[in-house]
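The values are calculated or read from the model by the stated rules, or taken from the named source; none is laboratory data. Keep in mind that what you see is a predicted model, and the values were worked out from it rather than measured. Glycine gets a Cβ as well: all are built from the backbone with ideal geometry, and neighbour counts include every protein chain shown. Surface accessibility is based on the protein's heavy atoms, side chains included, excluding ligands, DNA and RNA. Shrake-Rupley method; radii C 1.70, N 1.55, O 1.52, S 1.80 Å.
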Amino acid sequence: MIGRTELEAAQEIVYRFFGPTPSYAWPNLAQALGLDIWLKHENHTPTGAFKVRGGLCYLDALTKRTPGKGVISATRGNHGQSLAYAARAYDVPCTIVVPHGNSREKNEAMRAFGAELIEIGRDFDEAVPHARLISEERDLHFVPSFAPELVAGVGTYSYEFLQAAEPDVVYVPIGLGSGICGMITARDALGLKTRIVGVTSTEADAYARSFEAGHTVNTNSALTFADGMAVRTPSEDAFAIIQRGADHIVTVTDREIADAIRLIFSTTHTLAEGAGAAAVAAIAKERAQLAGQRVGAVLSGQNIDSDWMETILGGHHPTVS
């Protein structure tokens, strides 16, 4: 059970490395959407995404149990950057497994933070079992993408945001689920009534299907340029929290996500990657029912490849296969 004590302990760990990220109400964005909207700028972390908070908390706990033991994980990028950054800070080796065709610039960033990179599999869900196998072969600690330490760590951004912006409703992108579960955890710890809405891609909608069905549902593909949401197999633990604590889940298309990236850039001059813009895309889709409310959107990351950003600013959206 993660409560205020655990979130504030996680804050102490995170704040050794960086302070609270901004919560801003941008007037041009509000005017464009016709809403009182606040952005939580998790693109303003040392890795450009929210995941670093969880990585720091996970490595802090791990190194107290097994000092110096190397770590390995699978990722599409932000989780890997998080672990590479944290592993360097705690002086442990880090290996990251990514699927073939992964973001070139995210790969470069992980290497720059000191990670050894291995490319295996066609997507995240195929990369995970390979990472587990390598962990056994090399005696490395496998770091999952969903764990209590990760939820407590990333939950610190929600703890900040809910107190700073005081939104009536907040939209959160869903990858494997640590971000939205951190938001639900922080909301409950603070005793608030804030409604929490999850966002998935139409091309990677396993959690949306699961929420509708009442049990986890896998999908056969996750072909979206919003790679932070490109998950085919939901976490049972994450789904249990989402099912209990989320109001509903919205699906958005890649075209709607690209529109949101352009809107965020033109109204705030802030970069958002696909998953980072998904909350704003969902708010734009549901704005008719949000009038008169203070709406929060989590800008979860900015790590989009420059060629994709060029395509989006040109009025199109990237295609993946």
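Worth pointing out:
- Taking every DSSP helix (H) stretch of at least 4 residues in the chain, weighting each as -39,500 (n - 2.57) and dividing the sum by the residue count yields a mean residue ellipticity at 222 nm of -15000 deg cm²/dmol.
- Rounded, prolate or oblate (a/c below 1.5 giving rounded, otherwise prolate when a/b exceeds b/c) for the range 156-297 by Cα gyration tensor: oblate
- Farthest toward positive dipole pole in the chain [+1 Lys/Arg, -1 Asp/Glu at C-beta], among VAL231, PHE124, ALA86: ALA86
- Taking θ as phi - 60° and the Karplus parameters 6.51, -1.76 and 1.60, the scalar couplings of the range 140-150 work out to 10, 7, 7, 9, x, 8, 9, 7, x, 5, 5 Hz in sequence order, x denoting glycine and proline.
- Relative to the dominant Cα principal axis of the chain, helix 78-89 is inclined by about 50°.
- The range 20-122: C-alpha gyration tensor shape, a/c 1.5 cut-off, then a/b vs b/c: oblate
- Placed amide H near ASP36: partners under 5 Å, 5+ positions off or other chain: GLY292, GLN293, VAL295
- Coupling constants for the range 216-222 follow from the phi torsions by the Karplus curve (6.51 cos²θ - 1.76 cosθ + 1.60, θ = phi - 60°), and in residue order they are 5, 10, 8, 10, 7, 8, 8 Hz; glycine and proline get x.
- Modelled FRET efficiency - R0 41 Å, GLU119 with ARG4, Cβ distances, 0.05 increments: 0.50
- Surface accessible to a 1.4 Å probe, GLU116 within the full protein complex, Å²: 80 Å²
- Gyration tensor verdict on the range 226-303 (Cα atoms; rounded if a/c is under 1.5, prolate if a/b is larger than b/c, oblate otherwise): oblate
- Cβ-based net charge around THR95, under 10 Å, with every Lys or Arg adding one and every Asp or Glu removing one: 0
- Normalised per residue, the accessible area of the chain is 39 Å², obtained with a 1.4 Å probe and no contribution from ligands, DNA or RNA.
- Point-charge dipole on Cβ atoms (K/R +1, D/E -1) for the chain, about Cα centre, debye to 20: 420 debye
- Count of lysine pairs in the chain with Cα separation under 28 Å (8 or more residues apart, or interchain): 11
- Close amide-amide hydrogen proximity is noted between GLU119 and VAL98, each under 5 Å apart and 5 or more residues distant or on a separate chain (H modeled in the peptide plane; Pro and chain starts excluded).
- Of MET1, MET309, the order by accessible heavy-atom surface (1.4 Å probe, DNA, RNA and ligands excluded), from most exposed downward, is MET1, MET309.
- Dipole of the chain, positive direction: furthest Cα of GLN243, THR270, TYR157, with charges on the beta-carbon: TYR157
- Backbone phi angles across the range 177-184, fed through the Karplus curve with coefficients 6.51, -1.76 and 1.60 (θ = phi - 60°), yield HN-Hα couplings of x, 5, x, 5, 5, x, 5, 4 Hz in residue order; Gly and Pro are listed as x.
- The chain: angle of helix 236-245 to the longest principal axis, Cα-based, in degrees nearest 10: 30 degrees
- With every protein chain in place, the range 114-195: carbon and sulfur % of accessible area (1.4 Å): 48 percent
- Environment charge of THR253, counting only residues whose C-beta is closer than 10 Å and scoring Lys/Arg +1, Asp/Glu -1: -2
- The H on the amide N of SER235, modeled in the peptide plane, is under 5 Å from the matching H of no residue at least 5 residues off or on a different chain.
- 0 to 90° range, to nearest 10: angle between helix 274-286 axis and the chain longest Cα axis: 30 degrees
- Two-site FRET efficiency, ARG232 against ASP307, from Cβ-Cβ distance with R₀ of 35 Å, rounded to 0.05: 0.90
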